[in-house]
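Every read-out reported here was derived from the displayed coordinates using simple, explicitly stated rules and does not represent laboratory data. The structure displayed is predicted, hence computed values, not measured ones. Neighbour counts run over all protein chains shown; Cβ positions are idealised from the backbone, glycine included.
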Amino acid sequence: MRSVFFFKRHLSIVATTLAFSAHAALADPQHGIAMYGDPMLPPDFVSLPYANPDAPTGGRIVTGEVGSFDSLNPHIAKGSVPWQLRFLAYESLMGRNWDEPFTLYALLAESIEVGENREWVEFVIREEARFSDGSPVTVEDVMWSYETLGTVGHPRYHGAWNKIASMEQTGPRSIRFT
């Protein structure tokens, strides 16, 4: 079953991406964007500098939670959700490198392109982006998620959603926010 909401920082990433594009308009699709200067990592980077690409996979993680929770959906206004869930169970179009303030790299997205006057941002979704059931993440999924979060999700998403004039599919794996 597809997750109703599958992005970590959903609408805030699009809003932040538009703000970060202040450095310069990108003429071509890029692997990342930075508010100041260029992204530190090259387009073909395999992992973040502080991550071990050869680390063992699998296993389990145990974390502490003060109090209790009554939902596993971090995108709703009502209820209490384990705070780590948002960061461990969902992916976004762009992700941060904690070694670079104000820089975002393509995560579910393969690339990002920003209009000359920052009037739009376009993402190409990675062909290998998949849900936990193995089905591909599509442009329709991204559009549905942004609209759902922006209209009926937690109020923290409404402001960013209201700044988006339109979103349109511009190719089989690309989406443009204006």
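Think of region 95-168 as a dipole: +1 on every Lys or Arg Cβ, -1 on every Asp or Glu Cβ, centred on the Cα centre; then among Phe131, Thr151, Tyr105, Thr151 lies furthest on the positive end. Taking the Kirkwood radius as Rh and the Cα radius of gyration as Rg, region 70-132 has a ratio of Rg/Rh equal to 1.06. Taking amide H as placed 1.01 Å from N in the peptide plane, Ile125 has its amide H under 5 Å from the amide H of Glu110, Ser174, Ile175, each at least 5 places away in sequence or on another chain.
Here the average projected area of the convex hull drawn through the C-alpha atoms of region 38-80 stands at 6.3 nm².
Shape class of region 23-178 from the Cα gyration tensor (axes a ≥ b ≥ c, square roots of the eigenvalues): oblate, since a/c reaches 1.5 or more and a/b does not exceed b/c. Values of log10 I(q)/I(0) for region 128-178 across q = 0.24 Å⁻¹ run -0.93, by the Debye formula with one identical scatterer at each alpha carbon and no solvent. Cα centroid separation, region 120-178 to region 42-101: 19 Å. Amide H contacts of Arg130 (H built 1.01 Å from N, in plane; Pro and chain starts excluded): Val137 sit under 5 Å, all sequence-distant by 5 or more or on other chains.
Eigenvalues of the alpha-carbon gyration tensor of region 27-102, scaled by 5 and square-rooted, set the equivalent ellipsoid semi-axes at 31, 18, 11 angstrom, largest first.
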